[in-house]
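Everything on this sheet refers to the single structure shown next.
FYI, it's all coordinate maths here, none of it is from the lab. Since this is a predicted model, take the numbers as computed values, not measurements. Backbone-built Cβ (ideal geometry, glycine too); neighbour counts: all protein chains shown.
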C-alpha cells in the first residue's frame, strides 16, 4: 500500500477490510507500533493493552473474512480518555488519589457503543487530574507533549487523545469537553474535534461538572467524526439527560456543501481578549474560504455577555464542579493532587447556593440569546484559540492576563454554557510551524450542519498531520 496504514482514516480502513486488501490485525499492529515508538516522548497513553487489542483485532478479522462485520466500526483502532469508564481497565482520572484496586467492571455508554460496533480498543489516553484544566499534565502521568513541537503543550484536557489522533496512534478517539477540552487540544495539534449538542452522546456516570460536560469524537477527518458520532449517539438508559435517539447517520448530507448559508464571523467574540496576530490572519483567511464555498459571510458578534461576566458565570459552575469532584477525598489524598485543582475546589466550596443559582440564571439568558442569534445566522465562526500552543508543563502562557486556564480560552467555554454544537478545524500554521484552529458553532441541536460546514472546509483546505 502506498499510504501509511497508521494514518488511514477509519472510513478508508473499513473500505479496505471490505475489499480484503487489509486486515484489522495489520491496522492494530501498525497503531501499536506507533504507540511503542512515540509514546515515551509524547506521553499520549497512560495504559496500553496490546494483548486485548490484538485479540479483538483477530476476532474482527474473522468476522470480515466471513463477510459478517459486527457494526459500523468493526476492526477500527480506537482509544478512550482516562475519564471514561472502561471494563477491565482502571479509570484513574489522572489522579494518584484514585485507587486502581477496584472492580472496573462497567463500560461507559460511549465505550459500550464502540465495543458493540466492533472497534479495537488500544488503551486509555492521558488527562489532567479529573480533566480540570486546558493543558494535559498530572501528578500521576506527567506531562503530555505536542507532536508538532514536544516543548509545547498539546492543550487539554483531552490532550492525550489529540496527540494519539495526530500521530496515527488509532483512528477514533473519545474525548470529553467541559469548557473546551476537545477543541483546545484539537486546535493545538491540528486535528478535527467536535463537541456536539449537550445530550447527543449519552454519558454515565455523569460528570461532576454537570451540564457543561460533553463527550465527543476526536479524529483526523470530518467523515470519521461523523461516523463515530453516529455510533456514540445511540441510546443508553443510564443517562437521564440524553436526547431522544433519532437514529441519524451523521454521514448523510455531509457532502452537500454550504452554498447559501448565512455565517457570522466574530474575530474576537465581542472583544473577549487579545488574539495573536498570526492566529487572527489565518482565521480571517479561513473565513474567506467559506465565502469562496458559496456562503454569505459577514462580521457579526453574538449577543453574549461581556468576557468578564462569561468568565464569572463559567467559573461558578466549574469551581463548584471541582468541589463536587473532590468532596469524597480527605486532606491526605488532596496532598497527592495537582495544587491548582485543590485551589479551585476550595474556591468552589465557598460559592453560596444563591450565587450558584444566580450563575445558572445568567447562563440561561446566554442560551436564549444565542437561540435568537441563530434565527438570523446559520453558523458562527471564530478562532478556536486566541494563541498557538505554548510551553508544556504550565497551566497558562506567560502572556495570559490571569493565572487560570479559563483566562486564555475565551472562545471555547461560552458554548459549553449554551450547550451548542461546536467543532474546530485546522486552518493553517504559524511561522513556527504550530497549528491554528477555526471554531464552527451551530444552533442548538444542529450538529449535522456543523459537520457539513467542517467537511466543506476540509475539502477546500485538506488537513495536514505531523510527519513523525
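For the pair residue 336 and residue 68, a Förster radius of 41 Å applied to the C-beta separation gives a FRET efficiency near 0.30, rounded to the nearest 0.05. Compared with the direct C-alpha span, the chain from residue 240 to residue 431 gains 64.1 nm at full extension, assuming 0.36 nm per residue.
Candidate values [x] 132; [y] 232; [z] 147 were compared with volume of the Cα convex hull per residue in Å³ computed on the shown model; the agreeing label is [x].
The rule of thumb for compact globular proteins, 2.2 N^0.38 Å, goes into the C-alpha radius of gyration of the range 295-404 1.36 times.
How large is the helix-only mean residue ellipticity at 222 nm for the chain, computed as the sum of -39500 (n - 2.57) over DSSP H runs with n ≥ 4, divided by its residue count, in deg cm²/dmol to the nearest 500?
Rounded to the nearest 500, the figure is -11000 deg cm²/dmol.
Note on the range 393-468 and the range 10-47: Cα centroid distance 26 Å, given to the nearest whole angstrom. Just how far, in whole angstrom, is the range 87-112 from the range 334-371 if you go by their alpha carbon centroids? Result: 26 Å between the Cα centres.
Note on the range 156-214 and the range 124-149: Cα centroid distance 13 Å, given to the nearest whole angstrom.
In terms of packing, defined here as the mean over residues of other Cβ atoms within 10 angstrom, the peptides 206-215, 65-74, 281-290 line up highest first as 206-215, 281-290, 65-74. Extension gain for residue 20-residue 460 works out to 155.3 nm (0.36 nm per residue, less the C-alpha to C-alpha distance). Between residue 3 and residue 102, the modelled label-to-label distance comes to 3.9 nm, taking each label 7 Å out from Cα in the direction of the beta carbon. Remark: spin-label model distance residue 364-residue 262 equals 2.8 nm, labels positioned 7 Å along the Cα→Cβ axis. Spread over its residues, the convex hull of the C-alpha atoms of the range 335-392 is 133 Å³ per residue.
Peptides 292-304, 110-122, 261-273 ranked from most to least packed give 110-122, 261-273, 292-304, packing being the mean of other C-beta atoms within 10 angstrom over each peptide's residues. By DSSP, what percent of the beta bridges with both residues in the range 33-160 are antiparallel, rounded to the nearest 5? Here the antiparallel bridges make up roughly 60 percent for the range 33-160. Ordered by the count of other Cβ atoms within 10 Å of each Cβ, fewest first, 343, 403 give 403, 343. Over the C-alpha trace of the range 165-253, radius of gyration and Dmax come out as 12.8, 36 angstrom. Contact order, relative form, for the range 9-460: 17 percent (alpha carbon pairs under 8 Å, 6 or more residues apart, mean separation divided by residue count). With neighbour counts taken as other beta-carbon atoms within 10 Å, the residues 312, 107 rank, fewest first, as 312, 107. Among 99, 464, sorting on how many other beta-carbon atoms sit within 10 Å of each Cβ, with the fewest leading, yields 99, 464. Of all beta bridges that DSSP places with both ends in the range 9-460, some 65 percent have antiparallel geometry.
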